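**Q** Quick one: structure below, then a few questions.
The values are calculated or read from the model by the stated rules, or taken from the named source; none is laboratory data. In this text the structure is predicted, and so the values were computed from the model without any measurement. Glycine also receives a Cβ, built like all others from the backbone with ideal geometry; neighbour counts cover every protein chain displayed.
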Amino acid sequence: MTCGCVIFAYDGDIAYGPQAVLASRLVKKHLDIPVTLITDIATASAIDCSIFESMIYTNVNDSNKRRLAGKEIAFKNGNRHSVYHLTPYDRTLVIDSDFLVFSTRLKEYLNSNYDFMICENMKDLNPSRQGSHVRFDPASLDMLWATNIIFNKTPEVEALFDLVEHIKDNWRWYGSLYKFDTRRFRNDYAFTVACHMMVDFHTALPSPVLFNDQDQLIKVSDQGLSWIVGMENFLIKTTDQDVHMMNKFDLLDNLDKLTELSND
Amino acid sequence: MDDRLIKALEHANYRQALGIERQRLKDKAKAELVIAFNGGLFTVDRTLIGFITTIKDYGSAVILDDNDYPVEIEDLDAFQARVLGTYFEVTNRYLTDYNQIKKKRTLAKLVDL
């Protein structure tokens, strides 16, 4: 049974390619599995692709927009559901390019038999925030995080990914049914609804530490990462913990130092 | 602002960061205590250790994992060794990390600045 990691990266207003290279280096260091990049020619031509065991080129036509650190940015996230057919592995870990693996935790989950695993929560270390708990609506579902997913190739899992595509194609209808904001497509929402339709199909993955787009990475050293967090400017340190770093600008600014941490 | 107030605010900030750091270490240790064995996921805790110790002499057993799925454990000795090994490794590291933050008496030292 082959096992590996798949990362999606399409450059838009932000360079996702270099983030994917860093994420891949960290996966190899801590999880010791091969990594495949799903991307387009333009993104691939701007990075050193030698870190990836294989490259899969697909184009995403529909672009999405979001506000990040006060700026409106365009990005592409519309083909996550295609990973089921694109992955070269029997058991696949899918991660966002801003998901930084600093621990071996996911190894245990890769070694389990569960067919489909997804994050239920993220750990927010800021005590004054609500954390990562997101509910579409008081009368609807708690959101799952498609930031990292582990799946096996089985007919049931294939059905789930087909459902995600169906939900994407009927976005407004499902938005009104499940009462979520349909202004932009979110994989988190689509996977949440698909898992609900498949009746609690998923198993929970461990919660990484979440830093949102307002949080700043202020120091990178082999002792860990130091952050300034939230409106209250809390100072926080993380070591040997997986991190979901939503402040892509900061991630790119610290790319060289973070890359040093990915060296053996 | 007088010196006493500045010191009080500095100490309040330190206490806040110390609380966050303690919580972080606790979360980290809890995450590290989850192991995969024979396809199941098990959180290593005192209950699991006590249970395995009780049934170990049976040689093999079906044990419910964290999600209540039945997992056949054919070699309870090997399972116990893995569980205890993980428990000692993680809790010893937790203790070392915890003792280290207790020694860091300033905010800058606490967050490695």
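**Q** Taking region A:222-237 on its own, how many of its residues are more than 7 Å from every other protein chain (Cβ to nearest Cβ) and not in a loop (DSSP other than H, G, I, E, B)?
**A** So the answer is 4.
**Q** Can I ask one more? With the requirement that a residue be part of a loop (DSSP other than H, G, I, E, B), within 17 Å of the chain's Cα centre (by Cα) and under 17 Å from A:PRO34 (Cα atoms), what does region A:67-94 give you?
**A** A:THR87
**Q** Please enumerate the residues belonging to region A:121-134 that are surrounded by fewer than 19 Cβ atoms within 10 Å (Cβ to Cβ) and either more than 8 Å from chain B (Cβ to nearest Cβ) or of a type in the set (Phe, Trp, Tyr) (or both).
**A** Of all residues in region A:121-134, those surrounded by fewer than 19 Cβ atoms within 10 Å (Cβ to Cβ) come to A:127-131, A:133-134.
The answer is A:SER128, A:ARG129, A:GLN130, A:GLY131, A:HIS133, A:VAL134.
Matching residues to (1) within 11 Å of another protein chain (Cβ to nearest Cβ); (2) free of Cβ contacts under 8 Å to residues at least 24 places away in the same chain; (3) of a type in the set (Asp, Glu):
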position	(1), (2), (3)
B:ASP2	no, yes, yes
B:LEU5	no, yes, no
B:GLU10	no, no, yes
B:GLN23	yes, yes, no
B:ASP27	yes, yes, yes
B:GLU32	yes, no, yes
B:ASN38	yes, no, no
B:ARG46	no, yes, no
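**Q** Only one of these conditions is not met by A:SER207: (1) surrounded by fewer than 20 Cβ atoms within 10 Å (Cβ to Cβ); (2) at pLDDT below 95; (3) small (Gly, Ala, Ser). Which number is it?
**A** The one condition A:SER207 does not meet is (1).
Residue-wise test of (1) under 13 Å from the mean Cα position of the chain (by Cα); (2) closer than 18 Å to A:TRP145 by Cβ; (3) not in a strand (DSSP E or B).
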site	(1), (2), (3)
A:GLY4	no, no, no
A:PHE8	yes, yes, no
A:SER50	no, no, yes
A:ASN61	no, no, yes
A:LYS65	no, no, no
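**Q** On to the next question. I'd like to check something: does region A:183-205 contain any residue that is away from every other protein chain (no Cβ under 14 Å), assigned to a helix (DSSP H, G or I), aromatic (Phe, Trp, Tyr) and more than 21 Å from the chain's Cα centre (by Cα)?
**A** Among the residues of region A:183-205, not one is away from every other protein chain (no Cβ under 14 Å), assigned to a helix (DSSP H, G or I), aromatic (Phe, Trp, Tyr) and more than 21 Å from the chain's Cα centre (by Cα), which makes the answer no.
**Q** How many of the residues making up region A:206-237 are basic (Lys, Arg) and out of contact with any helix residue (DSSP H, G or I) (no Cβ under 8 Å at 6 or more places or on another chain)?
**A** First pass over region A:206-237, keeping only residues basic (Lys, Arg): A:219, A:237.
Narrowing the set further to residues that are out of contact with any helix residue (DSSP H, G or I) (no Cβ under 8 Å at 6 or more places or on another chain) leaves A:219.
The number of residues fulfilling the criteria is 1.
**Q** Filter region A:147-156 down to residues that are assigned to a strand (DSSP E or B) and modelled with pLDDT of 95 or more and give me whichever is farthest from A:MET1 (Cα to Cα).
**A** That would be A:ILE149.
**Q** Of the residues that make up region A:72-93, is at least one buried (at least 22 other Cβ atoms within 10 Å of the Cβ) and of a type in the set (A, V, I, L, M)?
**A** yes
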